[in-house]
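Okay, so here's the structure we're looking at.
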Amino acid sequence: MPRRMRISACGYHHVYNRGVAKNDIFLSDQDKEKFLEILSEISREYKFNIHSFCLMSNHYHILLENKRENLSDGMRQLNAKYANFFNKKYKRVGHLWQDRFKSWFVLGSNYLFTLFKYIESNPIKAHLSKNIGEYKYSATYSILRDCVPIFLRNSFVLRDFNTIELFDALKIPLNEAELENLEKFKKKKFKFENKEAVEVVKIQLNEFFIDISSKEKRNLAIQKAYVNDYTKSEIARELGLSIAGVSKILKKCKV
């Protein structure tokens with residue numbers, strides 16, 4: 001299956017990466033401080049506005065805004081510089097990161113605050129803190145203590161909320177609907193029209209199988225549905241097949 005298209009268009013991006021084999025990428029507070037130091041340098045060089053960040057033991061989340069089409073270049077530099085530091089410090093060789101970074105383009109502002117809350121909630125899910133703003137290596141920690149680093153000073157939450165309003169809003173946990181919307185958001189696809197990112201509307205699953213008159217056409221439709229991000233179980237339910245049967249068809253199609 002082809003990789004998700006990398007979008008470096010100007011706008012908001014949720015960026016994520018983790019250690020190879022899920023290994024820790026931060027072994028001390030000093031490592032996290034170094035990562036933030038490099039993030040500050042990269043943000044200045046590539047004109048990134050950082051809106052949220054959270055550094056966990058084996059991964060990081062960043063919500064950033066780029067003013068130029070340079071997301072891939074900037075993130076490549078961030079990951080490479082930190083990997084060089086880490087490998088030199090701990091006398092190790094080989095890859096630090098599991099893969100190239102992952103990113104999700106945020107079209108419009110509807111998801112921004114939900115994304116912010118999701119990122120800043122990571123320490124709570126990991127049982128490292130009880131409330132947003134308590135974990136030192138997150139954006140809300142510095143906001144709550146009025147010691148915001150330069151790279152975070154253009155965050156939309158500082159523009160749209162005062163501190164009391166912000167943390168009152170953050171006290172309300174993410175509900176199931178918000179979490180479901182985030183999962184749907186991650187699966188959104190985009191195309192470019194006149195240099196503008198436009199969401200590609202997903203084809204309904206049943207539409208792939210209208211007027212299918214042979215097994216060959218059905219199998220081709222299964223392949224197209226799978227490439228368009230429908231799961232094997234969803235396709236199996238739609239056609240009354242077993243998941244193993246769908247897997248066998250896809251294997252023959254080499255998807």
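Structure above, values below:
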item: Residue list for the stretch 111-152, filter: polar (S, T, N, Q) and either within 21 Å of the chain's Cα centre (by Cα) or not assigned by TED's automatic domain parsing to the domain that holds Phe35 (or both); result: Thr114, Ser121, Asn122, Ser138, Thr140
item: Qualifying positions in the stretch 138-157 - in contact (Cβ under 8 Å) with a residue 40 or more places away in the chain and either more than 15 Å from Phe116 (Cα to Cα) or of a type in the set (D, E, K, R) (or both); result: Pro149, Ile150, Phe151
item: Scan of the stretch 101-126 for residues that are assigned to a loop (DSSP other than H, G, I, E, B) and more than 17 Å from Asn23 (Cβ to Cβ), ordered by number; result: Leu107, Gly108, Ser109, Asn110, Tyr111, Ser121
item: Residue check for Glu183: modelled with pLDDT under 90, surrounded by 13 or more Cβ atoms within 10 Å (Cβ to Cβ) and among the charged types (D, E, K, R); result: no
item: Selection within the stretch 204-246 - within 25 Å of Lys188 (Cα to Cα) and either in contact with a Ser or Thr (Cβ under 7 Å, 6 or more places away or on another chain) or loosely packed, with under 12 Cβ neighbours inside 10 Å (or both); result: Gln204, Asn206, Glu207, Ile210, Lys232, Ser233, Ala236, Ile243
item: Residues (under 12 Å from His51 (Cβ atoms) and among the hydroxyl-bearing types (Ser, Thr, Tyr)) located in the stretch 139-157; result: Thr140, Ser155
item: Verdict on Ser129 being part of a helix (DSSP H, G or I) and modelled with pLDDT of 95 or more; result: no
item: For Phe86: the one exception among (1) of a type outside the set (A, V, I, L, M); (2) modelled with pLDDT under 95; (3) assigned to a helix (DSSP H, G or I); result: (2)
item: Out of Asp73, Asp99, Asp29, sole residue that is over 27 Å from His127 (Cα atoms) and of a type in the set (Asp, Glu); result: Asp73
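The values are calculated or read from the model by the stated rules, or taken from the named source; none is laboratory data. The shown structure was predicted, so the numbers you read here are calculated from the model rather than taken from an experiment. Counting neighbours? That spans all protein chains shown, and the Cβs are built from the backbone with ideal geometry, glycine included.
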